[in-house]
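> Just dropping this structure here.
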Amino acid sequence: MKTILAILSVVGLLGFGATYYVSHTAVEAAPSVAVAKVEQPRRAAKASKKADRRARPDSIVVTGTVKPEEVVEVGAQVNGMIVAVGSDAADPSKPLDQGSIVRKGAVLAQIDPTIYKAQVDFAEASLTKARADLQQLLTRCGQMKQEWQRAQSLLPQKAIANTDYDLADANCKVAVENVGSGRATVQQCEASLQVAKTYLSYTVITSPIDGVILDRRVNVGQIVCATFNVPGLFLVAKDLRRTQVWASVDEADIGQIHPGLPVQFTIDAYPGEVFAGKVSHIRLNPVTTQDRTTYTVIVATDNSRDMLPYLTAKLRFDVPKTPGPKALDLDNVAER
C-alpha cells in the first residue's frame, strides 16, 4: 500500500513539473510586420505634386490707406520768424487752420521781411552807384577818343612826339575797356537787386494750388529754416473729392494685379458700407522688409462719401480664378 502511494506521488510530481515547464518555456509569437508597396521616387514625387495642385484664389485681401489724390507740402524758402498767419477765407477774423479752404496765391504766412527789405535797398543803391560810375567812364572814354584822334592828325606833320602819340593810344584803349567793365558792374548789380527782391517775395508764403489745408505746423513767433530736412509748414490737399487708396500687395500676388482691376474696400469708420474703385497703377519700386517684398498698388475711387484722409481700409481685389501651374510629369520626361 505504501509502495502504491509513493508511486502515485512521484507520478503527480512529474505531471506538475511537466505542466509548469511547458507554460513557462513556450516560444513567443513572432511580431507582426506591416508590408507596404514601395513606390518609385519619381512616381512618389508625381503623386505629391498632384496632391498639392490647387486653384488660385479668386480674391486678394490686403490693407491700405486712404490718401488725397494730390498733396503739396508748403515750406519756407528763406529763414526768419513768422510774424503773421493768413486769414481764413470763410471767416477773416480767424487764422488759417486745418480744414480751411485756400485758393492758389492765397497768403498762408508772413516771415519777418526787415532784413530782406534792407538787402533790396542796398542792392538798389549799389545799382545806382554802378550806373553813375558807368556814366563817368563813358565821358572819360569820349575824351580819350578825342585826344587819340588829335594825336593821329598831328603825327603826319611831326607836330607830336612819338611818346605822346603812344600815350594817347593807350589811354583810349584803357578807357574803352573801362566802359566794358562798368557795363558788367551794372549788370551784376541788376542781378543782385533781382535776387534781393526774390528773397523778399519769399517772405510771403502762398498756396501753390487750390485746395484744403490738412495740417498747419507753424505759429506766430516761430523761427523757420529753409532746409530740405525741415518738414513743411502747411500740408495742402488739392481735391478731397478725388481720393486714392494705397495698398501693399505681396510679391506672390502682384502678378494677378493690373490697371483697371475692380476693387472693393471697407473702412471701419463707416461700418456696413462697401466702397468701389479700380486699380490706377502699380509702383515699380518695391519695398523689402525682413525678407518680405511688397509692391504699392494705387486704387482710384470717388470720395462721394467725404471720407477723411489717412483712414485704414481693407481691400479685396476681384481677380479671375485661374488654375495653378501643372506639375511636371517626371516619368514622361524620363521616358522621352
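The values are calculated or read from the model by the stated rules, or taken from the named source; none is laboratory data. Since this is a predicted model, take the numbers as computed values, not measurements. Quick reminder, even Gly has a Cβ in these numbers, built from the backbone with ideal geometry, and neighbours come from all protein chains shown. Just the protein is used for accessible areas: all its heavy atoms, side chains included, with ligands, DNA and RNA removed. Shrake-Rupley method; radii C 1.70, N 1.55, O 1.52, S 1.80 Å.
> Rounded to the nearest 10 Å², what accessible area does TYR202 show when all protein chains are kept and the probe is 1.4 Å?
70 Å²
> Let me ask you something else. Just to be sure I understand: if I project the alpha-carbon convex hull of region 178-276 onto a plane and average over all orientations, what area do I get in nm²? Please list the in-between numbers first.
On the way: hull surface 56.1 nm².
Projected area, direction-averaged: 14.0 nm².
> What order do you get for 234-242, 83-91 when each peptide is scored by the mean count of other beta carbon atoms within 10 Å, highest first? Please list the in-between numbers first.
Working: 234-242: 17.9, 83-91: 14.8.
Those peptides, ordered most packed to least, come out 234-242, 83-91.
> Once the mean 1/r over all distinct Cα pairs of region 99-232 is inverted, what Kirkwood radius in angstroms do you read off? Display every interim value, and only then the final one.
Numbers: mean 1/r = 0.0507 Å⁻¹.
19.7 Å is the Kirkwood radius here.
> In the structure shown, do any of LYS67/LYS278; LYS129/LYS197; LYS278/LYS314; LYS197/LYS238; LYS94/LYS197; LYS238/LYS314 have a Cα-Cα gap over 21 Å, and if so which?
Details: LYS67/LYS278 15 Å; LYS129/LYS197 18 Å; LYS278/LYS314 14 Å; LYS197/LYS238 29 Å; LYS94/LYS197 30 Å; LYS238/LYS314 25 Å.
Listed pairs above 21 Å: LYS197/LYS238; LYS94/LYS197; LYS238/LYS314.
> Another question, then. In what sequence, largest accessible area first, do ILE223, ILE209 appear using a 1.4 Å probe?
Result of the area sort, largest leading: ILE223, ILE209.
> Long-range amide H contacts for ILE209: which residues qualify at under 5 Å (H placed 1.01 Å from N, peptide plane, sequence gap of 5 or more or a different chain)?
Hits under the 5 Å cutoff: GLY105.
> Evaluated at 10 °C with a viscosity of 1.306 mPa s, what Stokes-Einstein diffusion coefficient in µm²/s does region 275-317 have when Rh comes from the Kirkwood expression over alpha-carbon pairs?
Roughly 128 µm²/s, to the nearest whole number.
> Could you tell me the accessible area of CYS172 in Å² (1.4 Å probe, neighbours in place), rounded to the nearest ten?
So the heavy atoms of CYS172 present about 20 Å² to solvent.
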